[in-house]
Every structure is written in C-alpha cells, then in structure tokens.
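Coordinate-derived values only; no laboratory data. The model shown is predicted, which means the values in this text are computed figures rather than measured ones. Counting neighbours? That spans all protein chains shown, and the Cβs are built from the backbone with ideal geometry, glycine included.
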Amino acid sequence: MSDADQLKQLKIKAGVVKRLIKEHASYQKQVVKDEEKADKMAADATNEDEEYAAKKAKEVARETVTMVRDAHGRLQKAVADLQSFVSSGNFSDESAELVEAKAQLEAATASA
C-alpha cells in the first residue's frame, strides 16, 4: 500500500472513530431523556391507555440502552482497528492524519 493510500485509510479510520464517539454520546443522552419521559408518563397515568403508553415508553428506553451497548461495541472495535493500523504503519509524526488519529484515540479513551 502506498503512503498516500495509507494516509487515506488512516483518515477514514479516524473519521469512523470520531463518528462513533458522537453516536455513542448521542445514545447515552437519549437514554436519559427516554427514561425521564417514561417515568413521567407512568407517574401521570390515570387510565389504561396512559399506562399502556408509559409501558411502551419504557420499552423504547430499554431499546435505547441496547443501542448504547451496540454503539459501544462498535466504538471499541473501531478503536482497536485504528490502534492496530497506527502501530503497524510507518507514518511521519508530523502528518496531520496521524495527529488527528491520535486525538481521536484519546477522545475515545476519555469517553469510554
């Protein structure tokens, strides 16, 4: 693989990690919102229809928790892939792509 191809792959892999960090954080925020909404609906329920809606809202919150786990797993896999690629390549320490990749690895470690 040529140097240009390696740098392109490095940039792509760093972008994947960056996107997955944002996605994971977004799902975490959504879990909090969904749980608050479900709790409020359950507390305010006065009839069967509202209780059913509250139950469904809790199901949505549980599904969102599943998505957090899924996003976390994909993030871990992408981080491992990027770390492996960085360590196996011979990149210039001054290349913008390598600096960005290392920054994304640090951000992923901080968010985990």
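Any idea how many residues of segment 19-60 are closer than 27 Å to Leu75 by Cα and among the polar types (S, T, N, Q)? Qualifying residue count for the region: 3. Would you confirm, using the coordinates I've provided, whether Val60 is under 30 Å from Ala43 (Cβ atoms) and touching a residue at least 24 places away in the same chain (Cβ under 8 Å)? The answer is yes for Val60.
Just one residue in the set Leu10, Leu20 is of a type outside the set (S, T, N, Q), under 30 Å from Glu59 (Cβ atoms) and in a helix (DSSP H, G or I); that residue is Leu20. Among residues that are crowded, with 18+ Cβ neighbours inside 10 Å and either acidic (Asp, Glu) or part of a helix (DSSP H, G or I) (or both), Ala53 is not included. Listed by first and then second residue, the pairs with beta-carbon distance under 8 Å, at least 6 apart or on different chains, first residue in segment 10-36 and over 21 Å from Glu94 (Cβ atoms), second β-branched (Val, Ile, Thr) and outside any helix (DSSP H, G or I), form an empty list.
Looking only at residues in segment 21-43 that are surrounded by fewer than 16 Cβ atoms within 10 Å (Cβ to Cβ) and among the acidic types (Asp, Glu), the one that is nearest to the chain's Cα centre (by Cα) is Glu36. Residue count for segment 23-50 satisfying the condition of being in a helix (DSSP H, G or I) and of a type in the set (S, T, N, Q): 3. When the test is whether a residue is more than 18 Å from Thr109 (Cβ to Cβ), of a type in the set (Lys, Arg) and assigned to a helix (DSSP H, G or I), Arg62 passes it.
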